[in-house]
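Q: Take this structure, written in structure tokens, and hold onto it; I'll ask about it next.
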Amino acid sequence: MPPMGTPGAGPIDQTYTSFPAVKTEELLSVLQEMGLAVSAEDVAKPQSAMVQRVYMAFLDTLAGTLPDMLDARRDEACARMEHSEIFEDGIAWLLFYREVRAMMDAATVHDFHLQDLTRPHPKRFKRHMSALVNFFRFRSDRLAEFDELVLDTEELENRRLDLEEGSEQVRSALDALAAQRRDEEPQVHALRERNLALSDQLLRLKKEQGKLLGEVDALKGEKAQLAQHQSDVQHELHTVHTELHKLQARLAARPDDVRRQIADLHTQAAQERAGVRDAEAKAAALADKLQVLAQLDTDVAHAHAALEQIAGALERIARETRILDEAQHALAAHEEERAALEARHAELARETEHATHALAARRDELEAQRSASQARLDALTARLGEVSRTRKERHALAELRTNEAQAVEQEIESVLQAHEAHYAKMQRDKDALCRTAAAYMDALTRALAHA
């Protein structure tokens, strides 16, 4: 913090401004928000110490410059000088004035001088406070907008990163599905060909099954006929046996007729046996056909199971195809959103680049001002060194004069003491002479009275 009470020149003429003037109440409200206890009388009659505290608070709020930072810069500048204690106050003042001057330039006040800190003028102080309050409001409004833009940018950046990560995951999943699909394509083609072959075989088997079922129905009908014929033959055999017993009973009476009947019966029985053998052969062939039909039913069941497996595989492939299509649609949507975000990011990048260029221009301008201020500081430092040397010479001369004055004072004091002693002696002599004269006058008066 710079020292208080450095002398300066008289007040400078006030210039016109492009910003609105603020009322004293509004200024006091802003200063109270900044933690400064300033009254209306302080604003009406500004003092150097109060003004410096106010400007230091605005430096802290608007520029982020703290007293410790100024002290550190002062110590750094004085560290390279001999007898730095002589220059500390002057350098501190120059650093503080340079920071305040830069802040006032940013607030569109270009006629700020050192005496506005050391010997403030009420009207100029009020005008400078109006500029800083308007600049503070503008900065607060823009700071909120800037913070909002920063948050939106961070949110968009995080969303872009999430979308890129999700896009990478979807792309990886799609690549995995595509690779799995490519790997399964030979199996799918084989299953399709097998499905077609099994379908053709199933159609052939169905046709053959239809034929065999027709033959089975025909054989069943023939079997029923043969069974009926067999029962009829058995009934006839039973009848023949019955007749044979009867004929055997009558054999003794007519043997030739019986023999003839027996021969006829044997012939008929042989024919019946031949018919039975044919029926049994047909029944055996029918049993073989039934066994073939049973095997065919088993093959058809296996074919149905294989068809169900193929249908499940086809359904799974169709489901995975739908999932792949949905993933491709989602990827397309992500790509569109990513393109929009990239456009927004490019726009923000352009705005950031513009702001960077503006900041660089402002930095160059401030650097030029800093160089000019540094040159002025160097000149002032040289002037301060010259003044310091002159002050040392004057201090030495003053010390010499002081020693001479002290010697003269001591001599004067001794003369005064001698004078006082002589005066006291003369006073005592005067008193004694007065007493002697009084006694003489009394004696003379008495003598004249007696005469």
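The values are calculated or read from the model by the stated rules, or taken from the named source; none is laboratory data. From a predicted model like this one, the values you see are computed outputs, not experimental measurements. Cβ coordinates were reconstructed from backbone atoms using ideal geometry, including for glycine residues, and neighbour counts include every protein chain displayed.
Q: If I filter the range 370-386 for residues that are at pLDDT 75 or above, within 23 Å of Trp93 (Cα to Cα), in a helix (DSSP H, G or I) and among the basic types (Lys, Arg), do I get at least one hit?
A: no
Q: Only residues in the range 26-46 that are at negative phi count as the first member; pair them with residues that are in a helix (DSSP H, G or I) and small (Gly, Ala, Ser), Cβ under 7 angstrom, at least 6 apart or cross-chain, and list the lot.
A: Note: pairs meeting the criteria are Leu28/Ala40; Met34/Ala57; Leu36/Ala57.
Q: Residue pairs, Cβ under 9 Å, 6 or more apart or interchain, first in the range 225-239 and in contact (Cβ under 8 Å) with a residue 12 or more places away in the chain, second loosely packed, with under 12 Cβ neighbours inside 10 Å and part of a helix (DSSP H, G or I). List them.
A: Leu226/Asp278
The rows are residues; the columns are (1) assigned by TED's automatic domain parsing to the domain that holds Val38; (2) of a type in the set (Lys, Arg); (3) under 44 Å from the mean Cα position of the chain (by Cα); (4) outside any loop (DSSP other than H, G, I, E, B).
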{"site": "Asp75", "(1), (2), (3), (4)": "yes, no, yes, yes"}
{"site": "Glu85", "(1), (2), (3), (4)": "yes, no, no, yes"}
{"site": "Ala92", "(1), (2), (3), (4)": "yes, no, yes, yes"}
{"site": "His110", "(1), (2), (3), (4)": "yes, no, yes, no"}
{"site": "Lys126", "(1), (2), (3), (4)": "yes, yes, yes, yes"}
{"site": "Ala131", "(1), (2), (3), (4)": "yes, no, yes, yes"}
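Q: I would also like to ask the following. Would you tally the residues in the range 36-73 being under 16 Å from Phe96 (Cβ atoms) and not acidic (Asp, Glu)?
A: Result for the range 36-73: 23.
Q: If I filter the range 161-184 for residues that are in a loop (DSSP other than H, G, I, E, B) and either buried (at least 19 other Cβ atoms within 10 Å of the Cβ) or in contact with an Asp or Glu (Cβ under 9 Å, 6 or more places away or on another chain) (or both), do I get at least one hit? Outline the logic, then answer.
A: Taking the range 161-184 as the starting set, the residues that turn out to be in a loop (DSSP other than H, G, I, E, B) are none.
Looking for residues that are in a loop (DSSP other than H, G, I, E, B) and either buried (at least 19 other Cβ atoms within 10 Å of the Cβ) or in contact with an Asp or Glu (Cβ under 9 Å, 6 or more places away or on another chain) (or both), one finds none in the range 161-184, hence no.
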